[in-house]
1. Looking at this structure, is Ser50 within 17 Å of Lys7 (Cβ to Cβ), exposed (fewer than 12 other Cβ atoms within 10 Å of the Cβ), modelled with pLDDT under 95 and of a type outside the set (A, V, I, L, M, F, W, C)?
2. Among the residues of segment 5-22, is there at least one that is among the charged types (D, E, K, R) and outside any helix (DSSP H, G or I)?
3. Every residue in segment 14-46 that is within 25 Å of Asn3 (Cβ to Cβ) and either buried (at least 16 other Cβ atoms within 10 Å of the Cβ) or not charged (D, E, K, R) (or both), please.
4. Could you pull out the residue among Lys25, Lys53, Lys48 that is in contact with an Asp or Glu (Cβ under 7 Å, 6 or more places away or on another chain), assigned to a helix (DSSP H, G or I) and not polar (S, T, N, Q)?
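The values are calculated or read from the model by the stated rules, or taken from the named source; none is laboratory data. As the structure is a prediction and not an experimental result, all values here were calculated from the model. We place every Cβ from the backbone using ideal geometry, glycine too, and count neighbours over all the protein chains shown.
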Amino acid sequence: MSNTEDKMKNAKDHLVGKTKEGYGKVTGDKQVETEGKAQDLKADVGDKFSEIKETVSEKVGDVIDAVQDKMGKDKQEKK
């Protein structure tokens, strides 16, 4: 799943979770309130996971670039 898709899904889960939580509080339905809290928490975890994936992807890209630069310099030195 792409980062944009992850963000959209997490935003939807935040919205639905908060809505369920609010509905549960207003109606006194503790089960719905708890489900809403859980769905919002799931979205929080998804947000953090997306951040981690993005950071790791950037770092891997940096390492690949550094290796390619090093290999290019080594080839030039051998000439």
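1. no
2. no
3. Those that are within 25 Å of Asn3 (Cβ to Cβ) and either buried (at least 16 other Cβ atoms within 10 Å of the Cβ) or not charged (D, E, K, R) (or both): His14, Leu15, Val16, Gly17, Thr19, Ala38, Gln39, Asp40, Leu41, Ala43, Val45, Gly46.
4. The conditions single out Lys25.
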